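Worksheet: one structure, shown below.
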Amino acid sequence: MSVGIRDTSQVYIRRDEQGNVILSKQPFETDFWQPLLAMLQNVVVPGNFLAAEDRLQGIIERDPFNNRF
């Protein structure tokens, strides 16, 4: 058994999308995003948020490996 769950008397078992078996100390929350989505319903977004002039900024050519640090 995994070291991370040896100190508990109960585990939760589930499968992920790839079919892997997952053991955890806490139950998997299927509605993990629900509180955030509920909060976002009350957010007021300005009408000009990400207007066309904000989105159409052109293409900037740059070397992704230049000035890495």
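The values are calculated or read from the model by the stated rules, or taken from the named source; none is laboratory data. Not measured: the values here are computed from a predicted model. Glycine gets a Cβ as well: all are built from the backbone with ideal geometry, and neighbour counts include every protein chain shown.
Filter the stretch 28-66 for residues that are under 18 Å from the mean Cα position of the chain (by Cα) and either in a loop (DSSP other than H, G, I, E, B) or of a type in the set (A, V, I, L, M, F, W, C) (or both) and give the result.
From the stretch 28-66, those under 18 Å from the mean Cα position of the chain (by Cα) are 28-40; that's our starting set.
Once the filter is applied, which keeps residues that are under 18 Å from the mean Cα position of the chain (by Cα) and either in a loop (DSSP other than H, G, I, E, B) or of a type in the set (A, V, I, L, M, F, W, C) (or both), the stretch 28-66 yields Phe28, Glu29, Thr30, Asp31, Phe32, Trp33, Leu36, Leu37, Ala38, Met39, Leu40.
Yes/no per residue for (1) at pLDDT 85 or above; (2) surrounded by 10 or more Cβ atoms within 10 Å (Cβ to Cβ); (3) in contact with a Cys (Cβ under 6 Å, 6 or more places away or on another chain); (4) of a type in the set (A, V, I, L, M):
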site	(1), (2), (3), (4)
Asp16	yes, no, no, no
Asn20	yes, no, no, no
Thr30	no, no, no, no
Leu36	yes, no, no, yes
Asn42	yes, no, no, no
Val45	yes, no, no, yes
Phe49	yes, no, no, no
Arg55	no, no, no, no
Arg68	no, no, no, no
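Name the pairs: first residue in the stretch 18-39 and under 25 Å from Arg6 (Cα atoms) and in contact (Cβ under 8 Å) with a residue 12 or more places away in the chain, second residue among the small types (Gly, Ala, Ser) and loosely packed, with under 10 Cβ neighbours inside 10 Å, Cβ to Cβ under 9 Å, at least 6 apart or on different chains?
Leu23/Ser2
Considering (1) surrounded by 10 or more Cβ atoms within 10 Å (Cβ to Cβ); (2) at pLDDT 75 or above, say which one Ile5 fails and leave the rest.
Among (1) surrounded by 10 or more Cβ atoms within 10 Å (Cβ to Cβ); (2) at pLDDT 75 or above, the lone unmet condition for Ile5 is (2).
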